[in-house]
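All of the numbers you see were taken from the coordinates with simple rules; none came from a lab. Please read all numbers here as calculations on a predicted model, not as lab measurements. We place every Cβ from the backbone using ideal geometry, glycine too, and count neighbours over all the protein chains shown.
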Amino acid sequence: MNYLAHLHLGGRQPADMLGSLYGDFVKGPLQGRWPLQVEAGIRLHRQIDAFTDSHPLVLQAKARFPSERRRYAGILLDLFFDHCLAANWRDYSTEPLEDFTLRVYRALQNEPQLPGKLALIAPRMAEQDWLGSYREFAVLEQVLASMSRRLSRPEGLAGGLAELERLYQPLHEDFRAFYPQLCAFASHAGA
């Protein structure tokens, strides 16, 4: 799962949201470096990742990609699933997506000590409405281009958007089958 899904699953309070995002930026043992509620969000983020990475529906979705792209299938799937969530937001939340993203951006803006790279990208995330923009499939092209610049082998994501477009319907069905199970898992794990 990518940013939007982690935020959606992580809880409504600002500390929950921060922990949901920190999971991608904070590595290793937590050891009380962050407030308890933020650390609980980081742990939930890690549990969601482990559940997702081993789930049969996700493994099935990854297997839809050609063998030469499988190494990058997880990255492509994370982005695509965030697109599916944003495009079908009303199916999973009663809060409008615009209100949700504003709350996230406000939580980020109000936190003076964001970790590492999150401190650098948070202002752009809000200015460019990264989370809300996932509704549009075409935005994934820009996201993939940005991600490929950070990879040691950027060619692995080349043509990824075309692959997602070709697999759109079956991957969308995979998301629809998987996401309710992930929601149930997250609500129990976060309780």
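What residue, of Q142, Q181, is polar (S, T, N, Q), part of a helix (DSSP H, G or I), out of contact with any strand residue (DSSP E or B) (no Cβ under 9 Å at 6 or more places or on another chain) and in contact (Cβ under 8 Å) with a residue 60 or more places away in the chain? When all the criteria are applied, what remains is Q181. Restricting attention to region 38-58, does a residue exist that is of a type in the set (G, A, S), touching a residue at least 24 places away in the same chain (Cβ under 8 Å) and more than 20 Å from R12 (Cβ to Cβ)? No, because not a single residue in region 38-58 is of a type in the set (G, A, S), touching a residue at least 24 places away in the same chain (Cβ under 8 Å) and more than 20 Å from R12 (Cβ to Cβ). Take the residues in region 89-113 that are without any contact (Cβ under 8 Å) to a residue 60 or more places away in the chain and not in a helix (DSSP H, G or I); name whichever of them is nearest to Q142 (Cα to Cα). Per the criteria, the residue is P96.
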